[in-house]
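K.L.:
Can you keep this structure in mind? I'll have questions shortly.
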Amino acid sequence: MGLSASKRVKSSLSNSGEFDSVCDSTFSHCLDLTQHAFAGRWVNAPPDQSQVDSAFRLVRSRSSSKSGYEILGPVMFKDWALELYIDVVLSGAGKALLLRVPVGVAGIAGIGAVTHAEGQVVGTAVGAYSLGVAVYIFLALSA
């Protein structure tokens, strides 16, 4: 025979167009739903390995399995996907905040320098802009 059972199963699944199709469509569907659920489109890339692992560890720690064996059933899978995409969305929103605020602050400071505005006016404008961006992102998360 030559092939172990796990290699035979792996070969069978790897060569199955139906298995590939279901895996791809499920992943694409979850990613698409997450990307379009919020006005800010915070998910611009699939989750990385550390996010996948972290979400699974969190869900596994909440599992009520007493036997020591983990079964990734529909409920646990949903919990895992939920934790994973919460992390992905919040990470994307945080990156957007870290990008937009400094760029806007630099623009306001530049306009203040060109127009010779007082420091207090520029500071107030920077504070208002930063608060506005943070509120916009927060509200976009609760769409």
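K.L.:
Which entry in [x] 161; [y] 172; [z] 335 matches volume of the Cα convex hull per residue in Å³ derived from the coordinates of this structure?
P.N.:
Matching the structure shown: [y].
K.L.:
Given only helices, namely DSSP H runs of n ≥ 4 each adding -39500 (n - 2.57), what is the per-residue ellipticity at 222 nm of the chain, to the nearest 500 deg cm²/dmol?
P.N.:
Numbers: 5 runs with 108 residues, N = 143.
Taken over the chain, the calculation gives -26500 deg cm²/dmol.
K.L.:
For the chain, take the longest principal axis of its alpha carbons; what is the angle in degrees between that and the long axis of helix 49-62, to the nearest 10 within 0 to 90?
P.N.:
Taking Cα atoms only, the helix is inclined about 70 degrees.
K.L.:
Hey, what angle do you get for helix 17-36 against the long axis of the chain, alpha-carbon based, 0 to 90 degrees rounded to 10?
P.N.:
Taking Cα atoms only, the helix is inclined about 20 degrees.
K.L.:
If you roll a 1.4 angstrom probe over the protein chains with everything in place, what fraction of the accessible area of the chain belongs to carbon and sulfur, to the nearest %?
P.N.:
Values: 6510 of 10100 Å².
Result for the chain: 64 percent of the exposed heavy-atom area is carbon or sulfur.
K.L.:
Let me ask something additional. Averaged per residue, what accessible surface does the chain expose to a 1.4 Å probe, in Å²?
P.N.:
Per residue, the chain has an accessible area of 71 Å².
The values are calculated or read from the model by the stated rules, or taken from the named source; none is laboratory data. What you see is a predicted model, and the numbers here were worked out from it, not measured in a lab. Areas reflect the complete protein model, heavy atoms only, side chains present, ligands, DNA and RNA absent. Shrake-Rupley method; radii C 1.70, N 1.55, O 1.52, S 1.80 Å.
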